[in-house]
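Worksheet: the structure to be examined is printed underneath.
The values are calculated or read from the model by the stated rules, or taken from the named source; none is laboratory data. The model shown is predicted, which means the values in this text are computed figures rather than measured ones. Here the Cβ positions follow ideal geometry from the backbone for every residue, glycine too, while neighbour counts run over all protein chains shown.
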Amino acid sequence: MTDNKRKDSPLLRWGRAKVVELFGADLRSLAAFRIVLALLVLADLAGKSTDLYAHYTDRGVLPRSVLVEELLTPWEFSLNLMNGELFFQALLFAVAALVALALLVGYRTRLVIVVVWILVLSIQLRNPLVLNIGDVLLHLLLFWGMFLPLGAYWSIDRARMTAPPPLSMRFLSVATFALFAQIAFVYWFSVFLKSGPEWRVDGTALYYALSIDEIATPIGAYLLDFPELLKVLTFAAFWFEAVGPLLLFFPVLTGPVRTGAVLVFMGFHFGIWLMLDIGIFPWVAAFCMVCFLPSWFWEKTLPEVSGAFTKQPEIVRRPLLLLWSRFSAVVGLGEPSAARKGAAERETGHSAAAAAAGSSTPAALVAARLREAGFDARSRTEPSTPPARTNVAPTMLRSSVVINLLAGFFLLYVFFWNLTTVSTFTMPASAIPTGSFLGLGQGWGMFAPYPNKEGGWYVIPGNLRSGQQVDLMAVTRDDFSLHEMSWEKPRNVVGTYKNNHWRKYLEIIRAEEYANQRLYFGSYICREWNARHADTNQLTDFQITYMLETTLPDNQSTTPEGVVLWEQNCFT
């Protein structure tokens with residue numbers, strides 16, 4: 001008896017509740033996380049698909065043979081390698097988008113997130129030369145999502161249940177802690193890597209970052225006129241990355257403090273997006289923070305958010321209800337089957353006639369289905385339940401032992417992988433293939449140990465058979481018209497790139513490590529230009545020149561120096 005009392009003592013109950021609060025997740029937050037992941041994948045696919053031919057086919061800048069021989073390790077595999085034609089690549093992109101839509105609405109969530117992860121990783125590995133750190137974070141978040149019940153709430157999976165059980169909104173597993181730790185690693189290991197005096201002593205890191213014309217937005221360039229402000233923002237960013245994640249695990253007033261921290265993190269990345277054009281990273285890093293939203297947040301906001309739907313004018317609400325009912329009919333969520341009706345009648349004690357009399361309108365059917373899926377404006381903490389289950393205690397979902405063990409193993413794995421980036425520790429050679437195969441390799445050296453102090457712009461002068469010289473940089477923007485040559489610095493260097501994928505590609509092949517890739521880029525230019533032009537407008541030869549500038553203190557820079565990276569003859 002004494003032992004039982006000790007086990008149920010108020011202190012132990014408080015301790016267990018605090019562990020769940022700090023390291024567990026709210027099912028509504030996981031549902032929001034699922035929706036965010038799906039939307040990010042769809043947006044990423046839409047962006048990458050604009051360069052489907054140039055970046056993902058054998059006639060683009062990276063044929064499959066070159067990828068396999070020169071870039072991929074033996075343990076890395078991509079489904080996109082099965083065929084190098086445009087149709088096949090488009091098909092894989094379309095399948096990925098369809099599966100991402102299934103993830104968005106929570107249909108067979110556990111299965112589809114595995115498929116989404118495989119397809120996203122495959123697409124990324126098909127051309128690693130166009131990736132940035134946001135791509136890495138995205139596939140890592142998908143990986144951890146596979147271990148979590150992302151479809152337990154606000155999902156078709158729940159709506160399809162005959163009688164969904166009442167659920168506790170709290171969920172704790174090794175995977176929730178692993179997801180939280182993975183996100184915290186982004187900031188903590190980034191701080192360790194930012195070892196230069198520009199971050200820790202001088203406060204000039206942001207000045208140098210915003211001086212890189214290839215990534216600075218107009219707002220970022222404008223801020224260069226305020227060096228003292230940039231110094232304050234540099235130190236603020238550095239210390240926020242170091243201390244900010246701790247606020248997500250603050251043991252006192254956890255609900256409001258964590259909610260505030262989530263909003264500040266989102267604002268932090270929104271500020272980065274305003275100043276720097278660095279691809280999808282700010283969006284992925286900002287919106288993944290929804291997984292941290294505590295139960296306190298939903299208890300304060302969910303009734304008001306849900307109630308806003310029911311209070312909308314009929315002219316707005318009716319089309320939404322009809323849209324849901326149409327969608328339900330398509331995916332099998334419409335009228336329940338006779339068996340389901342019979343089961344529902346036995347559980348509730350109501351006849352079909354009585355149900356028809358009271359709730360047979362389309363709006364009522366849709367509202368009932370929404371309540372089953374967890375969209376209920378009347379409850380602060382739990383989803384609504386069938387009448388017969390109103391006295392049943394909510395069930396707390398639990399992960400299986402296998403899932404917890406796997407999540408724990410992979411958490412330790414990524415921790416040690418990150419440790420190799422900031423110390424002399426090295427992974428055993430036999431352990432590296434696991435990270436390569438699963439895409440767990442990572443490094444968060446963003447502007448580390450300090451921002452690059454060199455920047456510039458590309459000029460690609462090409463000679464035609466007619467003797468005319470044209471600027472071929474427009475080819476990277478899918479523009480094959482004849483442009484006059486100019487060596488002057490563009491007013492908007494960012495605008496000379498079609499998108500961030502092309503900017504990243506040209507940045508990578510500028511490095512000596514990837515100098516051999518310039519041949520394939522040059523072959524692409526020759527092939528695509530001459531396929532569109534005949535006779536005197538055929539391209540004979542060209543060179544790729546990078547106009548290099550070095551940033552000096554006090555908004556000064558060196559005179560641009562033309563560095564010839566590559567020369568190619570299109571007929572030899």
With the structure loaded, tell me whether PHE250 is without any contact (Cβ under 8 Å) to a residue 40 or more places away in the chain, surrounded by fewer than 19 Cβ atoms within 10 Å (Cβ to Cβ) and not charged (D, E, K, R) or whether it fails that test. yes
Selection within the stretch 505-519 - farther than 17 Å from VAL459 by Cβ, surrounded by fewer than 20 Cβ atoms within 10 Å (Cβ to Cβ), of a type outside the set (Ser, Thr, Tyr) and touching a helix residue (DSSP H, G or I) at 6+ places or on another chain (Cβ under 6 Å): ILE508
Of all residues making up the stretch 100-144, the number that are surrounded by fewer than 24 Cβ atoms within 10 Å (Cβ to Cβ) and of a type in the set (Gly, Ala, Ser): 3
Within the stretch 547-562, is even one residue under 23 Å from ASN127 (Cβ atoms), in contact with a strand residue (DSSP E or B) (Cβ under 6 Å, 6 or more places away or on another chain) and outside any loop (DSSP other than H, G, I, E, B)? no
ILE183 vs. criteria part of a loop (DSSP other than H, G, I, E, B) and in contact (Cβ under 8 Å) with a residue 60 or more places away in the chain: no
Among the candidates VAL66, VAL120, residue that is in contact (Cβ under 8 Å) with a residue 12 or more places away in the chain, touching a Phe, Trp or Tyr at 6+ places or on another chain (Cβ under 8 Å) and among the hydrophobic types (A, V, I, L, M, F, W, C): VAL66
Only one of these conditions is not met by TYR524: (1) assigned to a helix (DSSP H, G or I); (2) out of contact with any Lys or Arg (no Cβ under 8 Å at 6 or more places or on another chain). Which number is it? (2)
Some residue of the stretch 283-291 being out of contact with any strand residue (DSSP E or B) (no Cβ under 9 Å at 6 or more places or on another chain), surrounded by fewer than 19 Cβ atoms within 10 Å (Cβ to Cβ) and in a helix (DSSP H, G or I): no
Does SER466 satisfy the condition of being in contact with a helix residue (DSSP H, G or I) (Cβ under 8 Å, 6 or more places away or on another chain), assigned by TED's automatic domain parsing to the domain that holds LEU506 and in a loop (DSSP other than H, G, I, E, B)? yes
If I ask for residues that are surrounded by 12 or more Cβ atoms within 10 Å (Cβ to Cβ) and not in a loop (DSSP other than H, G, I, E, B), which ones from the stretch 533-546 would you list? ASN537, LEU539, THR540, ASP541, PHE542, GLN543, ILE544, THR545, TYR546
Could you go through the stretch 96-119 and let me know if any residue there is within 21 Å of ILE432 (Cα to Cα), in a helix (DSSP H, G or I), under 14 Å from the mean Cα position of the chain (by Cα) and at pLDDT 95 or above. yes
Exception for PHE143 within (1) in a helix (DSSP H, G or I); (2) of a type outside the set (A, V, I, L, M); (3) over 30 Å from GLY443 (Cβ atoms) falls at (3)
Result of the Cβ filter at 9 Å on the stretch 491-512, keeping first residues that are at positive phi and partners that are assigned to a helix (DSSP H, G or I) and modelled with pLDDT of 95 or more, at least 6 apart or interchain, is none
